[in-house]
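The values are calculated or read from the model by the stated rules, or taken from the named source; none is laboratory data. Keep in mind that this is a model prediction, so the values were computed, not measured. Ideal geometry is used to build each Cβ from the backbone, glycine not excepted, and the neighbour counts take in all protein chains shown.
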Amino acid sequence: METAREIATNLAIFLLVVLGAVAFDGILHLFGHRDWGRYLGYWGTGLIALSFLHSARKRKKFTFGRVQFFLRWHEFLAWLGAMMILVHGGIHFNALLPWLTLSAMLINVASGLTGKFLLKRSKAIVAEKKKSLIDEGVGAQALEERLYWDSLAVGMMQKWRKVHVPITMAFGLLFCLHVASVMIFWRW
(Lines give C-alpha, C1' and ligand atoms only; values in the text may rest on other atoms or scores of the structure.)
Protein backbone atom coordinates (compact mmCIF):
# COMPACT_ATOMS: atom_id res chain seq x y z
CA MET A 1 0.00 0.00 0.00
CA GLU A 2 2.88 2.34 0.74
CA THR A 3 4.24 1.77 -2.77
CA ALA A 4 0.94 2.86 -4.31
CA ARG A 5 0.99 5.99 -2.18
CA GLU A 6 4.57 6.80 -3.25
CA ILE A 7 3.69 6.30 -6.91
CA ALA A 8 0.61 8.48 -6.50
CA THR A 9 2.70 11.18 -4.78
CA ASN A 10 5.28 11.25 -7.59
CA LEU A 11 2.56 11.28 -10.23
CA ALA A 12 0.81 14.10 -8.36
CA ILE A 13 4.04 16.13 -8.28
CA PHE A 14 4.50 15.67 -12.02
CA LEU A 15 0.87 16.60 -12.72
CA LEU A 16 1.11 19.62 -10.40
CA VAL A 17 4.08 20.91 -12.38
CA VAL A 18 2.16 20.56 -15.65
CA LEU A 19 -1.25 21.70 -14.39
CA GLY A 20 0.32 24.52 -12.36
CA ALA A 21 1.96 25.79 -15.52
CA VAL A 22 -1.32 25.56 -17.47
CA ALA A 23 -3.18 27.41 -14.70
CA PHE A 24 -0.53 30.11 -14.42
CA ASP A 25 -0.43 30.54 -18.20
CA GLY A 26 -4.21 30.85 -18.21
CA ILE A 27 -4.08 33.52 -15.50
CA LEU A 28 -1.45 35.47 -17.44
CA HIS A 29 -3.62 35.32 -20.59
CA LEU A 30 -6.74 36.29 -18.62
CA PHE A 31 -5.06 39.46 -17.34
CA GLY A 32 -3.48 40.31 -20.70
CA HIS A 33 0.11 39.46 -19.78
CA ARG A 34 0.83 36.87 -22.47
CA ASP A 35 4.29 38.34 -23.08
CA TRP A 36 5.42 37.53 -19.52
CA GLY A 37 5.88 33.91 -20.58
CA ARG A 38 8.96 34.87 -22.57
CA TYR A 39 10.65 36.16 -19.45
CA LEU A 40 9.59 33.15 -17.39
CA GLY A 41 11.72 31.09 -19.77
CA TYR A 42 14.79 33.01 -18.59
CA TRP A 43 13.87 32.62 -14.93
CA GLY A 44 13.06 28.93 -15.34
CA THR A 45 16.37 28.33 -17.09
CA GLY A 46 18.17 30.11 -14.27
CA LEU A 47 16.45 27.96 -11.64
CA ILE A 48 17.29 24.76 -13.50
CA ALA A 49 20.90 25.91 -13.84
CA LEU A 50 21.00 26.60 -10.07
CA SER A 51 19.68 23.10 -9.44
CA PHE A 52 22.96 21.73 -10.81
CA LEU A 53 24.69 22.92 -7.64
CA HIS A 54 23.67 19.50 -6.30
CA SER A 55 25.84 17.77 -8.89
CA ALA A 56 28.74 20.08 -8.10
CA ARG A 57 28.38 19.46 -4.35
CA LYS A 58 28.09 15.71 -4.86
CA ARG A 59 31.30 15.73 -6.90
CA LYS A 60 33.01 17.81 -4.18
CA LYS A 61 33.55 20.89 -6.35
CA PHE A 62 32.76 22.68 -3.08
CA THR A 63 32.34 21.29 0.42
CA PHE A 64 29.96 23.54 2.35
CA GLY A 65 26.45 22.28 3.03
CA ARG A 66 25.08 18.77 3.15
CA VAL A 67 24.60 16.83 -0.08
CA GLN A 68 21.05 15.94 1.00
CA PHE A 69 20.21 19.65 1.33
CA PHE A 70 21.43 20.29 -2.21
CA LEU A 71 19.47 17.27 -3.47
CA ARG A 72 16.23 18.69 -2.06
CA TRP A 73 16.99 22.07 -3.64
CA HIS A 74 17.87 20.33 -6.92
CA GLU A 75 14.43 18.73 -6.95
CA PHE A 76 12.54 21.88 -5.95
CA LEU A 77 14.39 24.23 -8.30
CA ALA A 78 14.10 21.81 -11.22
CA TRP A 79 10.34 21.45 -10.67
CA LEU A 80 9.79 25.18 -10.32
CA GLY A 81 12.04 25.94 -13.30
CA ALA A 82 10.23 23.33 -15.39
CA MET A 83 6.90 24.90 -14.49
CA MET A 84 8.15 28.34 -15.56
CA ILE A 85 9.50 26.94 -18.82
CA LEU A 86 6.17 25.23 -19.50
CA VAL A 87 4.48 28.62 -19.12
CA HIS A 88 7.16 30.07 -21.40
CA GLY A 89 6.39 27.42 -24.01
CA GLY A 90 2.66 27.94 -23.79
CA ILE A 91 0.44 26.26 -26.32
CA HIS A 92 2.12 27.20 -29.58
CA PHE A 93 2.36 24.82 -32.51
CA ASN A 94 4.53 26.91 -34.77
CA ALA A 95 7.94 25.28 -34.31
CA LEU A 96 9.24 21.75 -33.78
CA LEU A 97 12.47 22.48 -31.87
CA PRO A 98 10.80 24.19 -28.88
CA TRP A 99 8.37 21.28 -28.58
CA LEU A 100 11.21 18.75 -28.68
CA THR A 101 13.03 20.75 -26.00
CA LEU A 102 9.90 20.95 -23.86
CA SER A 103 9.30 17.21 -24.28
CA ALA A 104 12.90 16.40 -23.30
CA MET A 105 12.50 18.56 -20.21
CA LEU A 106 9.31 16.75 -19.18
CA ILE A 107 10.94 13.37 -19.78
CA ASN A 108 13.85 14.54 -17.65
CA VAL A 109 11.54 15.56 -14.79
CA ALA A 110 9.71 12.23 -15.05
CA SER A 111 13.05 10.39 -15.08
CA GLY A 112 14.15 12.18 -11.93
CA LEU A 113 10.92 11.35 -10.11
CA THR A 114 11.04 7.72 -11.25
CA GLY A 115 14.65 7.25 -10.22
CA LYS A 116 14.03 8.84 -6.84
CA PHE A 117 11.09 6.50 -6.24
CA LEU A 118 12.87 3.32 -7.39
CA LEU A 119 16.03 4.02 -5.41
CA LYS A 120 14.13 4.89 -2.23
CA ARG A 121 11.93 1.82 -2.60
CA SER A 122 14.81 -0.61 -3.21
CA LYS A 123 16.74 0.74 -0.19
CA ALA A 124 13.64 0.37 1.99
CA ILE A 125 13.12 -3.24 0.89
CA VAL A 126 16.73 -4.15 1.72
CA ALA A 127 16.56 -2.37 5.09
CA GLU A 128 13.30 -4.15 5.93
CA LYS A 129 14.72 -7.53 4.94
CA LYS A 130 17.91 -6.89 6.93
CA LYS A 131 15.91 -5.97 10.04
CA SER A 132 13.78 -9.09 9.64
CA LEU A 133 16.87 -11.33 9.33
CA ILE A 134 18.52 -9.71 12.36
CA ASP A 135 15.31 -10.25 14.35
CA GLU A 136 15.46 -13.93 13.35
CA GLY A 137 18.96 -14.07 14.82
CA VAL A 138 20.86 -14.57 11.56
CA GLY A 139 24.61 -14.09 12.07
CA ALA A 140 26.69 -11.40 10.37
CA GLN A 141 28.22 -13.72 7.76
CA ALA A 142 24.89 -15.36 6.87
CA LEU A 143 23.24 -11.92 6.83
CA GLU A 144 25.76 -10.66 4.31
CA GLU A 145 25.29 -13.74 2.12
CA ARG A 146 21.49 -13.55 2.20
CA LEU A 147 21.43 -9.84 1.38
CA TYR A 148 24.07 -10.08 -1.36
CA TRP A 149 21.68 -10.13 -4.33
CA ASP A 150 19.42 -7.52 -2.78
CA SER A 151 22.34 -5.17 -2.23
CA LEU A 152 23.38 -5.72 -5.86
CA ALA A 153 19.88 -4.67 -6.90
CA VAL A 154 20.23 -1.47 -4.87
CA GLY A 155 23.61 -0.90 -6.49
CA MET A 156 22.00 -1.27 -9.89
CA MET A 157 19.27 1.19 -8.93
CA GLN A 158 21.96 3.70 -7.95
CA LYS A 159 23.21 3.43 -11.52
CA TRP A 160 19.85 4.84 -12.63
CA ARG A 161 21.71 8.12 -12.98
CA LYS A 162 23.37 6.63 -16.07
CA VAL A 163 19.95 6.95 -17.68
CA HIS A 164 19.02 10.30 -16.11
CA VAL A 165 22.25 12.05 -17.10
CA PRO A 166 22.00 11.34 -20.88
CA ILE A 167 18.37 12.49 -20.79
CA THR A 168 19.57 15.67 -19.08
CA MET A 169 22.28 16.09 -21.70
CA ALA A 170 19.76 15.63 -24.53
CA PHE A 171 17.56 18.27 -22.91
CA GLY A 172 20.60 20.56 -22.58
CA LEU A 173 21.54 20.09 -26.23
CA LEU A 174 18.00 20.78 -27.42
CA PHE A 175 17.89 23.82 -25.12
CA CYS A 176 21.12 25.17 -26.66
CA LEU A 177 19.77 24.59 -30.18
CA HIS A 178 16.52 26.34 -29.24
CA VAL A 179 18.37 29.37 -27.85
CA ALA A 180 20.71 29.47 -30.88
CA SER A 181 17.77 29.35 -33.30
CA VAL A 182 16.01 32.15 -31.43
CA MET A 183 19.18 34.24 -31.57
CA ILE A 184 19.59 33.57 -35.31
CA PHE A 185 16.00 34.21 -36.32
CA TRP A 186 15.14 36.95 -33.83
CA ARG A 187 14.01 40.14 -35.49
CA TRP A 188 16.63 42.43 -34.02
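Selection of the stretch 66-94 for residues being free of Cβ contacts under 8 Å to residues at least 24 places away in the same chain and part of a loop (DSSP other than H, G, I, E, B) yields Arg66, His92, Phe93, Asn94.
Please verify whether the stretch 128-139 includes one or more residues that are over 21 Å from Met84 (Cβ atoms), in contact with an Asp or Glu (Cβ under 8 Å, 6 or more places away or on another chain), at pLDDT 80 or above and not aromatic (Phe, Trp, Tyr). Scanning the stretch 128-139, I find at least one residue that is over 21 Å from Met84 (Cβ atoms), in contact with an Asp or Glu (Cβ under 8 Å, 6 or more places away or on another chain), at pLDDT 80 or above and not aromatic (Phe, Trp, Tyr), so the answer is yes.
Each residue in the stretch 132-188 was checked for being in a loop (DSSP other than H, G, I, E, B), surrounded by 13 or more Cβ atoms within 10 Å (Cβ to Cβ) and free of Cβ contacts under 8 Å to residues at least 24 places away in the same chain, and 2 of them qualify. Does any residue of the stretch 138-148 turn out to be within 30 Å of Leu11 (Cα to Cα) and β-branched (Val, Ile, Thr)? Taking every residue of the stretch 138-148 in turn, none turns out to be within 30 Å of Leu11 (Cα to Cα) and β-branched (Val, Ile, Thr). Listed conditions (1) at pLDDT below 90; (2) over 23 Å from Leu113 (Cα atoms); (3) surrounded by 12 or more Cβ atoms within 10 Å (Cβ to Cβ) are all met by Lys58, apart from (2).
Residue check: is Leu16 modelled with pLDDT of 90 or more and surrounded by fewer than 16 Cβ atoms within 10 Å (Cβ to Cβ)? When the stated conditions are applied, Leu16 does not pass them. Just one of the listed residues (Val109, Val87) is buried (at least 16 other Cβ atoms within 10 Å of the Cβ) and either in contact with an Asp or Glu (Cβ under 6 Å, 6 or more places away or on another chain) or acidic (Asp, Glu) (or both), namely Val87.
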